[in-house]
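The structure appears below as structure tokens.
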Amino acid sequence: MPLPYEILELYFYSFIIILIRITSFFFTAPVFGGQTFPAQAKIGFGVLVSAIVLIVSGPISASIPSTLMGTVVLVAGEVAFGLTLGYSVSLVFAGIQIGGMLIGYQMGFAVANVLDPISNDQVSIIGQYLFLFAILYFLAMDAHHILIKGIVDSFIIAPVGSFSVQQGSVAWLVGVFSRMFWLGLKVAIPVVGAIFLVDVALGIISKTVPQMNVFIVGLPLKSLLGMIILALGFPFFALVMRYDFDVLVRGFYGMIRAL
């Protein structure tokens with residue numbers, strides 16, 4: 001029968017390992033990641049979730065490494081697992097920002113950037129607008145609850161110490177990157193396509209009426225047209241985001257298995 005101090009050591013070790021994976025996930029996952037969610041809150045929330053996982057599931061079955069190098073490798077694997085899983089989910093929102101950047105460039109807002117409080121970088125104002133809309137839609141779908149449940153279930157699907165870089169996981173990450181750019185293209189197509197037609201029309205007008213200053217007329221016209229299509233196209237954006245969020249939720253457990 002294990003001695004009391006051995007039981008305490010096992011529970012303490014299990015709690016630390018669970019905390020490392022969950023906290024790493026919260027530092028890169030959408031909604032929880034970024035500087036708008038304070039680091040103290042991420043750690044506190046990670047401690048709370050880790051304690052619940054430990055109470056419900058019990059100590060992990062992996063053996064405690066007997067060497068310092070083994071411990072370092074195990075901890076690095078859990079950190080990489082959490083960071084990779086959270087970052088892959090956040091790529092969906094990066095795709096939406098890419099689409100907004102393309103829209104803003106075509107509307108003449110290429111230099112109208114704002115500070116993104118999540119990434120702490122300068123981003124397109126239209127991209128940030130669509131990003132905030134996507135965050136609200138993501139929360140309205142309760143998808144953040146599914147992410148929390150998924151990271152908790154990851155200890156069953158991918159036990160501690162199972163993280164490794166394999167051909168399947170690399171192929172899956174490449175697929176996530178390709179979906180990010182495809183999502184940005186889907187978001188940008190309506191506005192970019194309409195503005196392209198306006199550019200073609202203005203080019204024809206400049207050839208037929210050389211006295212007309214196309215640049216002065218075209219810039220406000222494209223901005224106005226972009227705003228109108230953005231306003232009318234929100235149902236379309238909502239459908240696109242809902243589809244991609246559904247794909248994200250359905251594929252979240254596939255992500256865990258791939259890692």
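The values are calculated or read from the model by the stated rules, or taken from the named source; none is laboratory data. These figures come from a predicted structure and were not determined experimentally. Because the Cβ atoms are built from the backbone with ideal geometry, glycine has one as well, and the counts that use them run over all protein chains shown.
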(1) more than 25 Å from residue 32 (Cβ to Cβ); (2) in contact (Cβ under 8 Å) with a residue 24 or more places away in the chain: which one isn't true of residue 152, the others all being true?
(1)
Exactly one of 160, 176, 200, 170 is aliphatic (A, V, I, L, M), at pLDDT below 80 and surrounded by fewer than 18 Cβ atoms within 10 Å (Cβ to Cβ), and that residue is 170
Please indicate, with yes or no, whether at least one residue in the stretch 210-218 is hydrophobic (A, V, I, L, M, F, W, C), under 18 Å from residue 109 (Cα atoms), modelled with pLDDT of 80 or more and assigned to a helix (DSSP H, G or I).
no
Filter result (surrounded by 14 or more Cβ atoms within 10 Å (Cβ to Cβ) and part of a helix (DSSP H, G or I)) within the stretch 219-237
221, 222, 223, 225, 226, 229, 230, 236, 237
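Condition test on residue 252, is it in a helix (DSSP H, G or I) and surrounded by 13 or more Cβ atoms within 10 Å (Cβ to Cβ)?
yes
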Enumeration of residues in the stretch 5-37 that are touching a residue at least 40 places away in the same chain (Cβ under 8 Å) and over 21 Å from residue 75 (Cα atoms)
30, 31, 32, 34, 35, 36
Can you say whether residue 231 is touching a helix residue (DSSP H, G or I) at 6+ places or on another chain (Cβ under 9 Å) and farther than 30 Å from residue 17 by Cα, as far as the supplied structure shows?
no
